[in-house]
């Protein structure tokens, strides 16, 4: 499941909670959630997948893969619950070097055969117009099953227990006192759970099933968070995650009598900070220190998106756009210079605390870290199996083996596999430079702690803070401070943005922080001569 | 590196015990099939109201880039929504399965849901659900008896009096017949001219067929099939110095002229070469219809947030609103917001942008939202219409809109301009400030400078910071309407004119192609 999908589902739950603001649950009949969903035997599911693959091969495919996906969503509020189950199957096949893809919500052997043949039929048509046959980077067949780390599967817990737990937690929340004092409207807690099952069967012998489970306890509040890019407007709703985990134990064992209250008050306070005295930031060019969180945002947009091979090879030219890096990724290997030897970046499949981590990617490959940039020079790309082949000439020239690193996003069953956006880790300096050390070298400048970028973590391709070639990025500043004579001083008011020219920004990087300053996978950086503008100014 | 699947040549063929009523390969459900599902579902329940909404959908897509077909897909899916209302409790559940076991599971979940609701002695209010139980208080204050009476009357009418629906023809065999073979074959001739010119073409053809159904125990039996075809294409020079685009969507594939569009994209690319820099600033702009849509779609689609932030809160007209005080929040209702030539309307029977005439059992009607540059109507649902306006029908904001045009062609706009910028389309448009609806974004795929009545130069792309409110109030000329590419914007169709607008704000240059 993509992060985006989970976030969207969480938002749905938040909406449900907001729609039903009053609550006083007493008890409910005992039902296991799993009783309410059709029980599929995993062998049967795999058999359907095998049949689909076999049909495609029989129809002439040299390679075929079937994906069967099943998604269960549950939202429990104290006055009720909502559930949804969706499942389906897709087949992707290569015939004569062309791709075909067919999908449907029906899980039957007959449908499997139909989809296998349909995918092959499409591939035959497409191959007529594809001069270069599609090939895939080699990978050993994967077999087995994998589940999110959990002691108690949330889908085996009765709704009654979930509701009782929720009621108990909610009864301890001090939201009434807090909301009265803050003049905010606080809605009660809700439980949201998502479970996705992904089965992959390929003609190369891969047969895997992965089950991802996520459950969270949320509180919705109705006043909202300041939006620094729209200073005159407040978002109408916010959501606080009190706790998230893979298993029911993360909710059941949550100490809501003490820790929960403390966390809750902390979270509430973070959304309702008293106004801080700020001063306006004049537009102009500044020496800028970016904190780790701000640096991470730039890495996602200017390295993460820009190194997406679909963008580089013009495959998304008609939609999202292209990349400022160029069009020939094989030639970039070991050659493209970002402009600063201080910049070394490794792509990783997910952050260490990512609850959506899983064993295999969407092509049955175990993901590995990729050194993307070393001392400013582009080294490699996080790829899918097909994308890896586009680098074959470059790998050969450099004497490196042809391989994929397993970055096919674990997506929905009706979506063609696409590259996942990795997490990025920036290599710190070896000299132990701290954030304070960086600021200490600045006579007059700006420390930027955080930008405000909607969708940065869920759907960065549509963050739209950058143009369609990622050459120019305008990043609204959320939290920033004045630097005077090497020390952090007054906070600046919001309403300004940092302009980053992709081909120039790393040339302006003067120093970076050491290991101790690393956070969010990034280290702070000192940039010279960076333009800060008022994004709301018209010509 | 692919390997033959020798190990799967002779697999075990024992049948898993899975059953589904759908025929393999069936693209979408017919009226009779939807009704049969409704009858099966109805047989599972013993009392209360039942509503069933089904969208069964088939999508066929071909994508190409660098003059080569890259991917194609053929996807079917269902969106099934079951709503029930028993006494004072209601629920809504969703899924994509239509077999008996799944339908029974949905009913069972719902029954559990209702049991939970009855235990707490409160009703579950489903947002905008027809037949929703009455609301007896707002903001903690009990509604006055007259208000309650009006509400009860409205609920009674809603429960017993179905609206009449129009029947637009939205299904076209020309679109439905675009299978993978035809789609693939259609791409080659579109790409060929670009290939011959040494350029790179990328784009997509997508066809959709949807069967939308709504059935209820109150007697609704609605079904409407619809098709939609879209085609768009970018042509770019290999060195990344020039780019052109064209695209459109229609319900009927036969109304798309792909070759013509391919030639437009190619021509724009060729004319985009040798771009020069112009200084950012305020310019008269000639926005082609696609650029007008990209910039003004929130206004044209009557985006609810846009309506709200224009202070046209119409709370007294909104059934789920927070305020029953007549007259509040209507400061700009009927005020002159835009140039008098601005008129925006919808009509499910519009031959150029019709739409499915029902949503959740409620009828969509022909409405003029903006007329003479003033907002003259805002959307409200039927319950509110009955309750507050003593009308039997609401005004549903449909998914397809027409912005009415004039007679001045783009060529005439150019010929009458001393200095202006022609814009093909806009990209990466994002909202900066809600109060003024200030947007930022970039020109893309063909931008030119007009001097003394003729296009003199291809120019580099520009970043703009501008509001559609300002643009629609500063129109100099308006041209004949045309259908635009709106399929990615959540619209069922849009018809939009080109505009010549004064004092448009460009704030920066960009090197992007």
Practice task
State yes or no: is residue A:172 away from every other protein chain (no Cβ under 13 Å), modelled with pLDDT of 80 or more and in contact with a helix residue (DSSP H, G or I) (Cβ under 7 Å, 6 or more places away or on another chain)?
Solution key: no
Fill in the blank from the handout: Within segment A:33-50, of all residues that are more than 7 Å from chain B (Cβ to nearest Cβ) and either part of a helix (DSSP H, G or I) or closer than 15 Å to residue A:204 by Cα (or both), the one modelled with the highest pLDDT is A:49
Exercise for the section: With the condition kept exactly as written, say whether any residue in segment B:281-297 is surrounded by fewer than 22 Cβ atoms within 10 Å (Cβ to Cβ) and not in a strand (DSSP E or B). Expected result: no
Handout entry: Matching strands (runs of 3 or more DSSP E) fully within segment B:426-472 where at least 2 residues are under 16 Å from residue A:465 (Cβ atoms) and either under 26 Å from the mean Cα position of the chain (by Cα) or modelled with pLDDT of 95 or more (or both)
Key = B:438-451, B:462-466
Practice task
Report whether or not residue B:406 is out of contact with any strand residue (DSSP E or B) (no Cβ under 6 Å at 6 or more places or on another chain) and touching a residue at least 24 places away in the same chain (Cβ under 8 Å).
Solution key: no
Problem - Among the residues listed as A:450, A:491, the single one being surrounded by 17 or more Cβ atoms within 10 Å (Cβ to Cβ), over 28 Å from the mean Cα position of the chain (by Cα) and not in a helix (DSSP H, G or I) - result: A:491
Practice task
State yes or no: is residue B:226 within 30 Å of residue B:40 (Cα to Cα), under 21 Å from the mean Cα position of the chain (by Cα) and not in a loop (DSSP other than H, G, I, E, B)?
Solution key: yes
Practice task
Within segment A:136-148, work out how many residues are in contact with a strand residue (DSSP E or B) (Cβ under 9 Å, 6 or more places away or on another chain), crowded, with 17+ Cβ neighbours inside 10 Å and modelled with pLDDT of 95 or more.
Solution key: 2
Practice task
Among the residues of segment B:391-409, write down those that are more than 19 Å from residue B:168 (Cβ to Cβ) and crowded, with 19+ Cβ neighbours inside 10 Å.
Solution key: B:403, B:405, B:408
Practice task
Output the number of the condition that residue B:73 fails; it satisfies all remaining conditions of (1) more than 30 Å from residue A:318 (Cβ to Cβ); (2) at pLDDT 90 or above.
Solution key: (1)
Exercise for the section: Just one of (1) at pLDDT 95 or above; (2) closer than 30 Å to residue B:505 by Cα; (3) more than 14 Å from chain B (Cβ to nearest Cβ) trips up residue A:532, so point out which. Expected result: (3)
Problem - All strands (runs of 3 or more DSSP E) inside segment B:473-513 with 2 or more residues being within 14 Å of chain A (Cβ to nearest Cβ) and in contact (Cβ under 8 Å) with a residue 40 or more places away in the chain - result: B:499-509
Exercise for the section: Tell me, yes or no, whether segment A:403-418 has at least one residue that is crowded, with 21+ Cβ neighbours inside 10 Å, within 19 Å of residue A:520 (Cα to Cα) and touching a strand residue (DSSP E or B) at 6+ places or on another chain (Cβ under 7 Å). Expected result: no
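Yes or no, residue by residue, for (1) within 14 Å of another protein chain (Cβ to nearest Cβ); (2) at pLDDT 95 or above; (3) within 19 Å of residue A:476 (Cβ to Cβ):
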| position | (1), (2), (3) |
| --- | --- |
| A:267 | no, no, no |
| A:279 | no, no, yes |
| A:292 | no, yes, yes |
| A:332 | no, yes, no |
| A:346 | no, yes, no |
Exercise for the section: Could you tell me which of the residues A:468, A:464 is within 14 Å of chain B (Cβ to nearest Cβ), part of a loop (DSSP other than H, G, I, E, B), without any contact (Cβ under 8 Å) to a residue 40 or more places away in the chain and touching a strand residue (DSSP E or B) at 6+ places or on another chain (Cβ under 9 Å)? Expected result: A:464
Problem - segment B:1-41, residues that are loosely packed, with under 14 Cβ neighbours inside 10 Å and modelled with pLDDT of 90 or more - result: B:32, B:39
Completion exercise
If we ask which residues in segment B:212-227 are crowded, with 21+ Cβ neighbours inside 10 Å and touching a helix residue (DSSP H, G or I) at 6+ places or on another chain (Cβ under 7 Å), their number turns out to be 3
Completion exercise
Residue count, segment B:179-205, condition surrounded by fewer than 21 Cβ atoms within 10 Å (Cβ to Cβ), outside any helix (DSSP H, G or I), within 14 Å of chain A (Cβ to nearest Cβ) and touching a helix residue (DSSP H, G or I) at 6+ places or on another chain (Cβ under 8 Å), comes to 0
Completion exercise
Checked against (1) surrounded by 15 or more Cβ atoms within 10 Å (Cβ to Cβ); (2) touching a helix residue (DSSP H, G or I) at 6+ places or on another chain (Cβ under 8 Å), residue A:336 satisfies every condition except (2)
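The values are calculated or read from the model by the stated rules, or taken from the named source; none is laboratory data. Since this is a predicted model, take the numbers as computed values, not measurements. Positions of Cβ are generated from backbone atoms using ideal geometry, with glycine treated the same way; all protein chains shown enter the neighbour counts.
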